[in-house]
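What follows is one structure encoded as structure tokens, with my remarks underneath.
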Amino acid sequence: MRARRRLRRLSVPGAIICLLLMSALLRIGGIAGMAQALGHDPGDGDAAPSAAAAEGTSALLDAFRARESRLEAREARVTDHEQALARASAEVEDRLAALQAAEQALAAMVALADRAAADDLARLTAVYENMRPQEAAALFETMDPAFGAGFLGLMDPVAAAAIMGRLTPATAYSISAVLAGRNSSAPDH
């Protein structure tokens, strides 16, 4: 009965204070137990650790050192890979620049060849235009109709008409068909 009265007398804050004090005592007891497990006497203060604790600490330091050496080795590998990638990237850029230079040189060469071919065609067309129509017609009779149509298409219409008038009807028809059909597949727009 007295215990009940005492509990009733304790207020809520008093009960909380009691619980906090008990918790602190349990924690202090737990710390002391851990210190004893590690080889420390809680009453010694800064006393030297026991041999078992020293071995545990030494093993822990060794583990940290081994991990550090593994991390350093890994970092060195990563650095090596980064350097290799940088070298490869530089090499790719150099090769790409060389390829672009070669492409430009090839484009210039193709343009030069196209210009030379166009010049050759223009000269040969001028030669056919300046020939007498019956001599040019004799040559056009032996040409493939598509080949002959190419020259006649480049010629001055008056010179082309003079040559076409001297061709046999079959050859003139074949060349006319090629000339008429050259642009038939081009879009209307």
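If only residues of segment 117-141 that are within 52 Å of the chain's Cα centre (by Cα) and not small (Gly, Ala, Ser) are counted, the one that is nearest to Thr168 (Cα to Cα) is Thr125. If you go through segment 65-82 one residue at a time, how many are within 18 Å of the chain's Cα centre (by Cα) and not acidic (Asp, Glu)? Residues flagged as within 18 Å of the chain's Cα centre (by Cα) and not acidic (Asp, Glu) within segment 65-82 amount to 1.
Name the residue, out of Asp114, Asp144, that is under 19 Å from Thr171 (Cβ atoms) and either among the acidic types (Asp, Glu) or without any contact (Cβ under 8 Å) to a residue 24 or more places away in the chain (or both). Answer to the check: Asp144. Here is the figure for segment 126-168: residues that are farther than 16 Å from Val178 by Cβ and among the polar types (S, T, N, Q) total 2. A search for C-beta distances below 7 Å between a residue of segment 119-132 that is closer than 17 Å to Val158 by Cβ and any residue that is not charged (D, E, K, R) and not in a helix (DSSP H, G or I), counting only pairs 6+ apart in sequence or on different chains, returns Thr125/Met155; Tyr128/Met155; Glu129/Met155.
Within segment 154-189, the set of residues being exposed (fewer than 14 other Cβ atoms within 10 Å of the Cβ), within 59 Å of the chain's Cα centre (by Cα) and touching a residue at least 12 places away in the same chain (Cβ under 8 Å) comprises Asp156, Ala177, Arg182.
Answer yes or no as to whether Val92 is among the β-branched types (Val, Ile, Thr) and either free of Cβ contacts under 8 Å to residues at least 24 places away in the same chain or on the phi > 0 side of the Ramachandran plot (or both). Judged against the criteria, Val92 is a match.
Just so you know, all these numbers are worked out from the coordinates, no wet-lab data involved. Because the structure is predicted, anything quoted here is derived from the model rather than measured. Here the Cβ is made from the backbone with ideal geometry for all residues, glycine too, and neighbour counts use every protein chain on show.
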